[in-house]
Amino acid sequence: VTGSAMTAQEATQQLQLLPSWSLGDGYVERRFAFANYFETLAFVNALAYVVHHEDHHPVLTVEFNRCTVRFNTHSVHGLSVNDFICAAKTDALFEQRFSV
């Protein structure tokens, strides 16, 4: 990703498509809840696969029954469209976690 970070207005517009996410200072974040540690780690591993193919790696805070996911784009020192694309893919992954 090259260029400059999104403006606050652009980020707010993108966030409207992802109501479960919140904006921080230069990042977008969501906490996901799970029934137990196994489900949490299964999600983390599946997310690692998805974001590796996007070449866009979030900050993950992993706890027993939850995981906080935070995206930002280091190269622009803020948010890019790719952060919101990856956030949407993370939501889709979370929604299908019990369909396998």
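The values are calculated or read from the model by the stated rules, or taken from the named source; none is laboratory data. Only a predicted model underlies this, so the values are computations on that prediction, with no experimental measurement involved. No Cβ is skipped: glycine too gets one built from the backbone with ideal geometry, and neighbour counts run over all protein chains shown. For the accessible areas, the whole protein counts, side chains as well, though only heavy atoms, and no ligand, DNA or RNA atoms are used. Shrake-Rupley method; radii C 1.70, N 1.55, O 1.52, S 1.80 Å.
For the chain, the solvent-accessible area of protein heavy atoms averages 61 Å² per residue (probe radius 1.4 Å; ligands and nucleic acids excluded).
Under the combined filter of DSSP loop state and at most 11 neighbouring Cβ atoms within 10 Å, the range 32-94 retains these chymotrypsin sites (Phe, Trp or Tyr not before Pro): 64. Placing +1 on the Cβ of every Lys and Arg and -1 on the Cβ of every Asp and Glu, with no other charges, gives the chain a dipole of roughly 180 debye about its Cα centre. For the chain, adding -39500 (n - 2.57) for each run of n ≥ 4 DSSP H residues and dividing by the number of residues yields -13000 deg cm²/dmol at 222 nm.
In the chain, taking the dipole from charged Cβ atoms about the Cα centre, the farthest positive-side position among 6, 85, 37 is held by 37.
Between residue 52 and residue 74, the modelled label-to-label distance comes to 1.8 nm, taking each label 7 Å out from Cα in the direction of the beta carbon.
Axis angle, to the nearest 10 degrees, between helix 37-54 and the longest C-alpha principal axis of the chain: 40 degrees. Accessible surface for residue 10 stands near 80 Å², nearest 10, in the context of the full protein assembly shown (1.4 Å probe).
The apolar share of the surface of the chain, taken as the fraction of accessible area on carbon and sulfur atoms (1.4 Å probe, ligands and nucleic acids excluded), comes to 54 percent. For the chain, the fraction of C-alpha pairs more than 17 angstrom apart is 48%. When the chain is treated as a GNM with alpha-carbon contacts under 10 Å, the residue of 69, 50, 28 showing the greatest mean-square fluctuation is 50.
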